[in-house]
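Below you'll find the structure, written out as structure tokens, and then a few comments.
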Protein chains: 2
Amino acid sequence: MSKLITRSESNFAESFRPSSRTSKTPVSVTRDILKVIDSPNVISFAGGLPDDSLFPIQELTEIFQNSALQKGSKLFQYADTQGHPELRAWIAERYYPDSSAEEIIITSASQQALDLISRYFIEENSNIVLERPSYLGAIQVFSSYSPNFLGVDYEKEEGPNTDQLEYILRSYSEKPKFFYCVPDFQNPSGHSYSSKSRERICELSSSYGLPLLEDTAYRELSFSGSMPVSLYNLNPDRTVSIGTFSKTLSPGLRVGWIRAPKPMIKDLIVQKQSMDLHSPTMNQELVFQFVSSDKYETHLSKIREVYQRKAVHTFNCLEKTFGATLPFEMPKGGLFFWLEFPKRIDTDLLFRKCLEKGLATVPGSAFYIGDQIRNHLRWNFSNASEQETEQGIQRLFEVYSSLLADQE
Amino acid sequence: MSKLITRSESNFAESFRPSSRTSKTPVSVTRDILKVIDSPNVISFAGGLPDDSLFPIQELTEIFQNSALQKGSKLFQYADTQGHPELRAWIAERYYPDSSAEEIIITSASQQALDLISRYFIEENSNIVLERPSYLGAIQVFSSYSPNFLGVDYEKEEGPNTDQLEYILRSYSEKPKFFYCVPDFQNPSGHSYSSKSRERICELSSSYGLPLLEDTAYRELSFSGSMPVSLYNLNPDRTVSIGTFSKTLSPGLRVGWIRAPKPMIKDLIVQKQSMDLHSPTMNQELVFQFVSSDKYETHLSKIREVYQRKAVHTFNCLEKTFGATLPFEMPKGGLFFWLEFPKRIDTDLLFRKCLEKGLATVPGSAFYIGDQIRNHLRWNFSNASEQETEQGIQRLFEVYSSLLADQE
């Protein structure tokens, strides 16, 4: 079939004029690292990857078979934008007392939830408040809507600095559109808000009319199985809560949700229609059948147990290898260690040197809006094997030591 | 668990300030109709729904089982944003001669492809060119980016009015970002571009540096099995082509694609990262294993045969019921009849009267940017049974006749 027009590289440059948005959306550092680390020599602690071996593949295969047989073509046809009604009811009942399926919309995991919420709230230069550090994927998607980021510092083992938050709410002529926060085992720091901090934030939200955007991605991954009350529970009218089955069941299925007040859900449905009509039907069915079965609690207990064991092993390796030189903190849940190095260590450099030695992590700077703090590494402990963890920490120690030696 | 803050309906209104985008995104008429028509008394010809009975459910179930067994956890873990490499290679080879897997990005069906492309191109008030009528889902998603729509009239059995297109390209100080078009069995009109029209459009694209956005959703649904050359083939450097497996395999799986020049794909990957990280892994595997098997051609032949039979049946019913009073046109592929009524019939009214009588269609006005032409109905023929089609057309005739009688 002959072409009508001569091909040339300049044709593209002459014709395609991308929007300014394309230059405003930062490339995700972790996604880029994930591409690099496919090499067999690299051990990776970079992604927030669940342990592969915990996916209930056999059970999901059986569900696919049974549901295809019983529900047939309906699972392969176009479906409702808001999502699987029984799955929505299950989510409402489990996580949001006094709410209903009408207040839930199913999304293609929490990244799409963040995008949908960005569309709903953010105009160019809208003020939005984030923790410092904050979740990378949220910073990325928010950035593509060109907001004005306002950061409040995360105070270890307490929560965000509420004085800073109050200062912003009291002193800025344009009220922030929302405060995005991860109160449970935050990505990247692994920290959680204290009960007192949760209450104070909800009081501020109430006094100043500040919507809270609560990301609960890691809430189920508490080693002890229990957690302080959620922001939704304390302040349901002003809290938009997002969740995902990526960490508890399987990220490849891409199923998550938003719980929001009904008038907002109505608008979110219209936005989601325009974005992808609806999330895949069968994926929602697979999740629903699994989480509503009696296997789910057993599965969660197992995940918590395995992750706690892996975290303890990682902590022991760190202590053994680094001795008492660095103040490593043992997480109480979630997927990450937030390794703090002396201030004179630039972890951007440490990260690059580690990568050369076949060790992938994520430099702390990637998680900051405003001034970057550059003496942390995020270290995922859930995916690597015990042996890989030992090797990885050994490599980290070697690179760190040689960096220290260079400085002396 | 006690709430900290008193609940009240006014809490929402006081705190939540949606972006202007939320009011700019029109609700999809078809999606809203689809919600209404769940009642058992309504026969629907509204959606672009494939025939349920044609989904290869047994085959997909077997593929799930085999792939889960052979590839295991990889299909349930996070995956590459650009999408399943073998599926991308298959798409490149089948549809885009001289292209490669690198020029393809997998999307959550064609609606997300349109959203992704909107993000890439459209700024507020960007000029974009659409056919009149055009695809509703495209109008909806483009609208949420606030472009300036420029319409070119679709000339039956020929293609878009190229004089109008040339006028726009020659006379407007701001060049359009792209021309969105459905050259094959367009939704809603069912028409296709002639070879001459395709060539002329590609010449204009080349002379004026106009990117073409070619939507190939219905291209495989030609009753004869053959089609004129695609715009990609004629002008590869300036054509962005989107496709979907929703019409040929299953819409519930939500798998589609974009073929674009490599520098654009690079930017699209970053945008898709921010939107949903990646499309579901297993869904792409299901599609790949099915379409790359020898079953796919047989499956396509069967679909084409069934749809042609349904179209012929619909045409015969229309002729039999309406006699020679109206100029119905038999489509040559795709999923729709574009029923044209006398100019004095307002199909918005006809549509509402039909709905009262338990018959769902889509009024033609929904498909127009600029001045709405209001004497068409879009009639989907692929989903209903033969008997439903007979009943539906009978109801249509009765409502139409009583509307005519009212006017006399």
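Here are a few things to note about the model shown:
- Whichever residue in segment B:101-116 is more than 7 Å from every other protein chain (Cβ to nearest Cβ) and touching a Phe, Trp or Tyr at 6+ places or on another chain (Cβ under 8 Å) and, among such residues, is nearest to B:Tyr180 (Cα to Cα): B:Leu114
- Selection within segment A:363-408 - of a type in the set (Asp, Glu), assigned to a helix (DSSP H, G or I) and free of Cβ contacts under 8 Å to residues at least 60 places away in the same chain: A:Glu398, A:Asp406
- Test: B:Val229 is facing chain A (nearest Cβ under 10 Å) and in a strand (DSSP E or B): no
- Which numbered condition A:Glu86 fails, given (1) at pLDDT 85 or above; (2) touching a Cys at 6+ places or on another chain (Cβ under 8 Å); (3) not β-branched (Val, Ile, Thr): (2)
Quick grid of which residues meet (1) more than 7 Å from every other protein chain (Cβ to nearest Cβ); (2) basic (Lys, Arg); (3) closer than 18 Å to A:Ser53 by Cα:
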{"site": "B:Phe45", "(1), (2), (3)": "yes, no, no"}
{"site": "B:Phe55", "(1), (2), (3)": "no, no, no"}
{"site": "B:Glu59", "(1), (2), (3)": "yes, no, no"}
{"site": "B:Gln70", "(1), (2), (3)": "yes, no, yes"}
{"site": "B:Gly83", "(1), (2), (3)": "yes, no, no"}
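- Test: residue in segment A:17-28 that is basic (Lys, Arg), modelled with pLDDT of 95 or more and farther than 22 Å from A:Glu297 by Cα: no
- Residue within segment A:346-358 that is of a type in the set (Lys, Arg), outside any helix (DSSP H, G or I), surrounded by fewer than 20 Cβ atoms within 10 Å (Cβ to Cβ) and under 22 Å from the mean Cα position of the chain (by Cα) present: no
- Among residues that are more than 9 Å from chain B (Cβ to nearest Cβ) and more than 18 Å from the chain's Cα centre (by Cα), A:Ala92 is included.
- Going through (1) over 22 Å from the mean Cα position of the chain (by Cα); (2) part of a loop (DSSP other than H, G, I, E, B) one by one, A:Met330 falls short only on (1).
- Looking at B:Gln289, B:Gln284, just one residue is touching a His at 6+ places or on another chain (Cβ under 6 Å) and either more than 27 Å from B:Asn383 (Cβ to Cβ) or not aromatic (Phe, Trp, Tyr) (or both), and that residue is B:Gln284.
- Residue count, segment A:1-16 (criterion: modelled with pLDDT under 75 and facing chain B (nearest Cβ under 7 Å)): 3
- Conditions (1) within 12 Å of chain A (Cβ to nearest Cβ); (2) within 23 Å of B:Ile369 (Cα to Cα); (3) surrounded by fewer than 24 Cβ atoms within 10 Å (Cβ to Cβ); number of the one not met by B:Lys177: (3)
- Among the residues of segment B:72-81, none is identified as more than 7 Å from every other protein chain (Cβ to nearest Cβ) and without any contact (Cβ under 8 Å) to a residue 40 or more places away in the chain.
- Filter pass, A:Pro236 being out of contact with any strand residue (DSSP E or B) (no Cβ under 7 Å at 6 or more places or on another chain) and without any contact (Cβ under 8 Å) to a residue 24 or more places away in the chain: no
- Within the option set A:Leu221, A:Leu231, A:Leu213, being free of Cβ contacts under 8 Å to residues at least 60 places away in the same chain, outside the structural domain of A:Glu305 (by TED's automatic domain parsing) and crowded, with 19+ Cβ neighbours inside 10 Å holds for one residue only, A:Leu231.
- Residue in segment B:189-209 that is surrounded by the most Cβ atoms within 10 Å (Cβ to Cβ), counting only those that are out of contact with any helix residue (DSSP H, G or I) (no Cβ under 6 Å at 6 or more places or on another chain) and outside any helix (DSSP H, G or I): B:Tyr193
- Test: residue in segment B:193-204 that is touching a residue at least 60 places away in the same chain (Cβ under 8 Å) and assigned by TED's automatic domain parsing to the domain that holds B:Ile106: no
- So A:Asp371, is it modelled with pLDDT under 95 and acidic (Asp, Glu): yes
- The number of residues in segment A:396-408 being surrounded by 17 or more Cβ atoms within 10 Å (Cβ to Cβ) and farther than 20 Å from A:Glu329 by Cβ comes to 2.
- Here A:Leu169 meets the list (1) in a loop (DSSP other than H, G, I, E, B); (2) surrounded by fewer than 24 Cβ atoms within 10 Å (Cβ to Cβ); (3) within 14 Å of chain B (Cβ to nearest Cβ) almost entirely, failing just condition (1).
- Filter result for the condition that a residue is among the acidic types (Asp, Glu), away from chain A (no Cβ under 11 Å) and part of a helix (DSSP H, G or I), over B:Asp153, B:Asp163, B:Asp184: B:Asp163
- For segment A:130-145, the set of residues classified as in a strand (DSSP E or B) and surrounded by fewer than 24 Cβ atoms within 10 Å (Cβ to Cβ) consists of A:Arg132 only.
The values are calculated or read from the model by the stated rules, or taken from the named source; none is laboratory data. Remember, predicted model here, so these are calculated numbers, not experimental data. Backbone-built Cβ (ideal geometry, glycine too); neighbour counts: all protein chains shown.
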